[in-house]
Amino acid sequence: MNIIVTDSYEASCGEAANQLLSVIKDNPQACLGLATGGTAQGVYPYLVEAYKQQVVSYTEIRTVNLDEYIGLKPDHPQSYRHYMDTYFFDHIDINPLNTYIPSGSQLLQPEITNFSRILEIWPRDVQLLGIGVNGHIGFNEPGGVLQAGVHIATLDTATIQANARFFASEDEVPKTAITMGVGDILQAGKIVLLATGSQKAVVLKKLLTGEEVTTQVPCTLLKLHRDVTVILDRELAWQVGVSST
């Protein structure tokens, strides 16, 4: 596992973007696994700027997102389709038909089947991840058992509370989501995990310095992958007790 320590969250976002851009430069037809949320948001301006500076083109790139809330239509301000359009897709030359975000407003079983099929025919060269305060990746929440494939997840209380800042109240946060399973995440050729905030220190310590792999801390399953890069700022790295390698 490669650990990159930066001077700030902003620098971490730039480094995460560079990791994705390196994949694109090596393969202009690459498939990117993308993430949403507050941490990932800072990555997209760098990817947009690379396009504006003609460093890369996204015309042949395909993208697949990790997850989507159940019950939100694509045009809802807090849907992940709206997020991706707002922060990334509307500002680059990507073909909208080459972007896939699971729907949270369609019939669930057909959407699970469709999402699973997309993951089969669009293998991801790289997967961008954030991490939840409880160690979740995607919406794979802690539990005695985790799902390998696409499924409907019930959001943990900690996740609902953390995401409440994006909604008018905690009551408005959806309680379920469609998400890649941990097995799906681990099928990506490369994984880039971006983390910031002292509230992530406990679970990152279990990932980066602990010995256990446990479904109670889903991020620890990343230890099973051959090519994982974790990017965190110096303050968080100090709390976790790691240095750049």
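Residue by residue through region 105-111, which ³J(HN,Hα) values in whole Hz follow from phi under the Karplus form 6.51 cos²θ - 1.76 cosθ + 1.60 (θ = phi - 60°), with glycine and proline marked x?
Result, rounded to whole Hz: 10, 9, 4, 5, 5, x, 6.
Across the chain, what fraction of all alpha-carbon pairs, as a whole percent, falls in each successive 5 Å bin from zero upward?
1, 7, 14, 19, 21, 18, 13, 6, 1, 0
When the chain is fully extended, how far beyond the present Cα-Cα distance does TRP122 get from GLN106, taking 0.36 nm per residue of separation? Before the final figure, lay out each step's value.
Values: separation 16, 0.36 × 16 = 5.76 nm, distance 2.11 nm.
Here the answer is 3.6 nm.
Apply the Kirkwood formula to region 83-135: the hydrodynamic radius equals the inverse of the mean of 1/r over all pairs of different alpha-carbon atoms; give it in Å with one decimal.
For region 83-135, the Kirkwood estimate is 13.4 Å.
Any idea of LYS52's accessible area? Nearest 10 Å², probe 1.4 Å.
Accessible area, nearest 10 Å²: 130 Å².
Using packing as a proxy for protection, rank 209-215, 33-39, 154-160 so that the peptide with the highest average count of other Cβ atoms within 10 Å comes first.
33-39, 154-160, 209-215
Would you mind working out the accessible area per residue for the chain, using a 1.4 Å probe, and quoting it in Å²?
With the other protein chains kept in place, the chain gives 44 Å² per residue.
Non-local amide H neighbours of LEU193 (under 5 Å, H modeled in plane, Pro and chain starts lacking H): which ones?
The list, which skips near neighbours in sequence, is LEU129, THR229, VAL230, ILE231.
When only Cα pairs under 8 Å and 6 or more residues apart are kept, what is the percent relative contact order across region 89-183?
The value is 27 percent.
When the helix-only estimate is applied to the chain (DSSP H runs of n ≥ 4, each -39,500 (n - 2.57), divided by the residue count), what is the mean residue ellipticity at 222 nm, nearest 500 deg cm²/dmol?
It lands at -9500 deg cm²/dmol.
Report the Cα centroid-to-centroid distance between region 118-179 and region 24-48 in angstrom, as an integer.
With region 118-179 and region 24-48 each reduced to a Cα centre, they are spaced 18 Å.
With the cut-off at 17 Å, report for region 172-245 the share of all Cα pairs above it, as a whole percent.
50
Explain nothing, just the number: relative contact order of region 1-83, from Cα pairs under 8 Å at least 6 residues apart, as a whole percent.
28
Amide H of LEU34: which non-local residues (sequence gap of 5 or more, or other chain) have their own amide H closer than 5 Å, using H built in the peptide plane?
Sorted by chain and number, the residues that satisfy this are VAL64, ASN65, LEU66, LEU128.
Summarise the accessible area of the chain (1.4 Å probe, protein heavy atoms) by the percent that is carbon and sulfur.
Numbers: 5330 of 10830 Å².
Ligands and nucleic acids excluded, carbon and sulfur give 49 percent.
Work out, step by step, the length gained on full extension between VAL213 and ARG234: first 0.36 nm times the residue separation, then minus their alpha carbon distance; give nm to one decimal.
Details: separation 21, 0.36 × 21 = 7.56 nm, distance 2.49 nm.
Going from the current span to full extension adds 5.1 nm.
Quick one: ranking SER103, SER57 by accessible area, 1.4 Å probe, largest first, what do you get?
Details: SER103 20, SER57 50 Å².
Output order, biggest surface exposure first: SER57, SER103.
Given Cα pairs under 8 Å that are at least 6 residues apart, what percent is the relative contact order of the chain? Please list the in-between numbers first.
Working: 484 pairs, mean separation 65.4, N = 245.
Relative CO of the chain lands at 27 percent.
Between HIS225 and GLN29, what is the label-point separation in nm under the 7 Å Cα-to-beta-carbon projection?
2.4
Pop out the Kirkwood hydrodynamic radius of region 73-203 from its pairwise C-alpha distances, inverse of mean 1/r, in Å to one decimal.
16.0
Please compute the modelled spin-label separation between GLU60 and LYS73, points set 7 Å along Cα→Cβ, answer in nm with one decimal.
Result: 3.8 nm between the two label points.
State the three equivalent ellipsoid semi-axes of region 5-149, derived from the C-alpha gyration tensor as the square roots of 5 times its eigenvalues, in descending order and whole Å.
Rounded to whole Å, the semi-axes are 24, 19, 15.
The values are calculated or read from the model by the stated rules, or taken from the named source; none is laboratory data. Predicted model only: the values in this text are computed from it and were never measured. FYI the Cβ positions are ideal-geometry reconstructions off the backbone, even for glycines, and counts take in every protein chain you see. All accessible areas refer to the heavy atoms of the entire protein, side chains included, with ligands and DNA or RNA removed. Shrake-Rupley method; radii C 1.70, N 1.55, O 1.52, S 1.80 Å.
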